[in-house]
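Here is the structure we will look at.
The values are calculated or read from the model by the stated rules, or taken from the named source; none is laboratory data. Just so it is clear, the structure is predicted and the values come from calculations on it, not from any experiment. Virtual Cβ from ideal backbone geometry, glycine too; neighbours counted across all protein chains shown.
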Protein chains: 2
Amino acid sequence: MPKIVRFHEVGDTAVLKLEDLSLTEPGSEEVRLRVEAIGLNRAEIMFRRGQYLETPEFPSRLGYEAAGIVEAVGSNVSGVQIGDRVSTIPSFSIGKYGVYGESAIVPAYAVASYPDQLSAIEGAAIWMQYLTAFGALIEYGHLGPRDAVLITAASSSVGLAAIQITKASGALAIATTRGADKKSFLLEAGADHVIITDEEPMVERVMAITSGNGARLVFDPIAGSLLEQLAHATAHGGMIFEYGALSPSPTSFPLFAALAKGLTVRGYTLFEIVKDPDKLSRGKRYIHDGLQSGALRPIIDRTFSLEAIIEAHEYMESNVQKGKIVVTV
Amino acid sequence: MPKIVRFHEVGDTAVLKLEDLSLTEPGSEEVRLRVEAIGLNRAEIMFRRGQYLETPEFPSRLGYEAAGIVEAVGSNVSGVQIGDRVSTIPSFSIGKYGVYGESAIVPAYAVASYPDQLSAIEGAAIWMQYLTAFGALIEYGHLGPRDAVLITAASSSVGLAAIQITKASGALAIATTRGADKKSFLLEAGADHVIITDEEPMVERVMAITSGNGARLVFDPIAGSLLEQLAHATAHGGMIFEYGALSPSPTSFPLFAALAKGLTVRGYTLFEIVKDPDKLSRGKRYIHDGLQSGALRPIIDRTFSLEAIIEAHEYMESNVQKGKIVVTV
């Protein structure tokens, strides 16, 4: 019987339980994976706490990103075969299809192959981070080589993906992080400039770096009181993508800066991309090409065993990680 | 000596003075108009009070929109001739070039002809209102016949222009106004639905009208606490244009609605259009065509004489007007 992570109430990491459940067969449009690696996402912490866009129904699974081998396919599935090496694109109910476990059933549309030279650990660290950054910067932001991009919380896996995509476009990547401890890491990861927000005035630094113009694109998961500052660091006609709600403080809209500079503030999640076949197709091709060429390369912070799922979540909550946390199965 | 309106300190309507000033000659890139009519704009109240994007230098002129006859042209001016019947496009310093008066010098690029069948009073009520609504709804919003547009403060001249442009595109115009007194006027002006915000729950009404989808475009000069409600009345993937700051209350960014629905909130002013030659050219053509066909027709609320400029500003501040207030000269 495969071990599956479930939880029966919202709460802190202790609610996560590793349970022996019987193996089930995929529905007609589904496939079953033998899971090799699981990429962790902050969405799963929010979901576990009952603070996510989707509310758990108990007992609930969780988890968006797994890499594994297809071991069963539903009767209506085409294009996916037993034995395929795939990873999952987060485009399904995290509670119903959650992939934390030795076995996972997911919709067939949500699996995609990944380049052969990547390990399963890397394969579990692709779609959430790169598709999220792709959608904002490339699909909506039309990133070009003359742009400056301000990337906050830059040492998260999505932040690092945004740095790589910015550099792949020939644009300028300005990364922010709270403490000085992650500065050299971010420079090595490709950032052109790193602003330590606990020590440096962010707006002044961005303005100095961009010769007073500001960043044309801003990619931010924090919101709260930061948004007003971000608006001051944004160029005329620029766009601010808000893709998360990490700040506990209320978010004010920077009305006067927005009027004076014609700013766009856009709420954005990956789901806009994965629910649109054309956008998803463009994103998959972009990411495949970038992984093949080496322009995109997943950065893995640390791995945990499935038995250590609680420690893995605690580690993710500690915010010390630099890159993706992956559970190996 | 022409009579010119100036003010020597910020304040209430009493600061406006009608002064006899000597006639001056236009600079090399300027033209001088014999003013026939002046369209009043809320921007001029804000500027008079010292609350506008531009700060007055005293003594300061004011005024963006005049219709008149060209009576002198600068040495480098081409395309504008003495005797031309033109009106001014607000694309200049309101303090330096303010058009309130019998005579006005403005940059040559800021004058445009208007259709012969329009009176000078109507000619002074074109560019601010139609270009503002055009830029948001057509240029950026890509308004189409299947769209629903939510237009707040709809009985202002810009609100009425937005209703006309919405109907010209075959889309659905949902207008809001505070009191029931303007409802029949707004229906006659072309609104498909009018929501009386003092009496009716706005979000529920918009949702009922749009079969639960919400409005794809929202065009709002109020902001403040209204923005959160507007987000709830906006469709997935919709855009909210904030083109003013009428509300005295702080504006919160509707983060969770924006994330859940992929909403765009965009600060917007007419200056984005008038400073971009391509956009301005498209806007002028669109408005000329609409005025010629009758799809667009300026709605004049009331006229005042130049001597009554203080009463005209007081009337604008009363918010009882429905459409444009024009001063005749």
I'd like the full set of residues that are among the small types (G, A, S) and exposed (fewer than 13 other Cβ atoms within 10 Å of the Cβ), limited to region B:275-294. B:S281, B:S293, B:G294
Residue check, B:K284 assigned to a helix (DSSP H, G or I) and either without any contact (Cβ under 8 Å) to a residue 12 or more places away in the chain or not assigned by TED's automatic domain parsing to the domain that holds B:L137 (or both): yes
Please pick out the residue among B:V111, B:V80 that is in contact (Cβ under 8 Å) with a residue 60 or more places away in the chain and either in the same structural domain as B:H8 (by TED's automatic domain parsing) or on the phi > 0 side of the Ramachandran plot (or both). B:V111
Of B:I325, B:I240, which residue is under 17 Å from B:A125 (Cα atoms) and touching a Lys or Arg at 6+ places or on another chain (Cβ under 8 Å)? B:I325
Answer yes if at least one residue in region A:24-31 is at pLDDT below 95, part of a loop (DSSP other than H, G, I, E, B) and more than 20 Å from A:P107 (Cα to Cα), and no otherwise. no
Six or more apart or on different chains, Cβ under 6 Å: which pairs go from a residue in region B:58-70 that's charged (D, E, K, R) to one that's assigned to a strand (DSSP E or B)? Could you list them? B:R61/B:R6; B:E65/B:G39; B:E65/B:T88
Residue under question is A:A14, and the condition is that it be in a helix (DSSP H, G or I) and more than 20 Å from A:A245 (Cβ to Cβ); does it hold? yes
Consider region A:26-68. How many of its residues are among the β-branched types (V, I, T) and buried (at least 22 other Cβ atoms within 10 Å of the Cβ)? 3
Got a number for residues in region A:227-255 being within 7 Å of chain B (Cβ to nearest Cβ) and over 25 Å from A:R42 (Cα atoms)? 1
Which count do you get for residues in region B:256-280 that are touching a residue at least 60 places away in the same chain (Cβ under 8 Å), more than 7 Å from every other protein chain (Cβ to nearest Cβ) and more than 14 Å from the chain's Cα centre (by Cα)? 3
Which pairs turn up if I take residues in region B:176-205 that are assigned by TED's automatic domain parsing to the domain that holds B:A231 and more than 21 Å from B:L227 (Cβ to Cβ) and look for partners that are of a type in the set (V, I, T) and assigned to a loop (DSSP other than H, G, I, E, B) with beta carbon separation below 7 Å, at least 6 apart in sequence or on another chain? B:A189/B:I299
Tell me, please, whether a residue that is touching a helix residue (DSSP H, G or I) at 6+ places or on another chain (Cβ under 9 Å), crowded, with 20+ Cβ neighbours inside 10 Å and closer than 30 Å to A:I38 by Cβ can be found in region A:227-234. no
Residue selected from region B:158-196 under the condition among the polar types (S, T, N, Q) and either touching a Leu at 6+ places or on another chain (Cβ under 9 Å) or at pLDDT below 95 (or both), by the criterion surrounded by the most Cβ atoms within 10 Å (Cβ to Cβ): B:T166
Examine region A:13-34 for a residue that is without any contact (Cβ under 8 Å) to a residue 40 or more places away in the chain, on the phi < 0 side of the Ramachandran plot and touching a helix residue (DSSP H, G or I) at 6+ places or on another chain (Cβ under 8 Å), and state whether such a residue exists. yes
Looking only at residues in region A:154-165 that are aliphatic (A, V, I, L, M) and out of contact with any strand residue (DSSP E or B) (no Cβ under 7 Å at 6 or more places or on another chain), which one is nearest to A:E242 (Cα to Cα)? A:V158
Scan B:S87, B:S91 and give me the residue that is within 20 Å of B:D278 (Cα to Cα), assigned to a loop (DSSP other than H, G, I, E, B), in contact (Cβ under 8 Å) with a residue 12 or more places away in the chain and hydroxyl-bearing (S, T, Y). B:S91
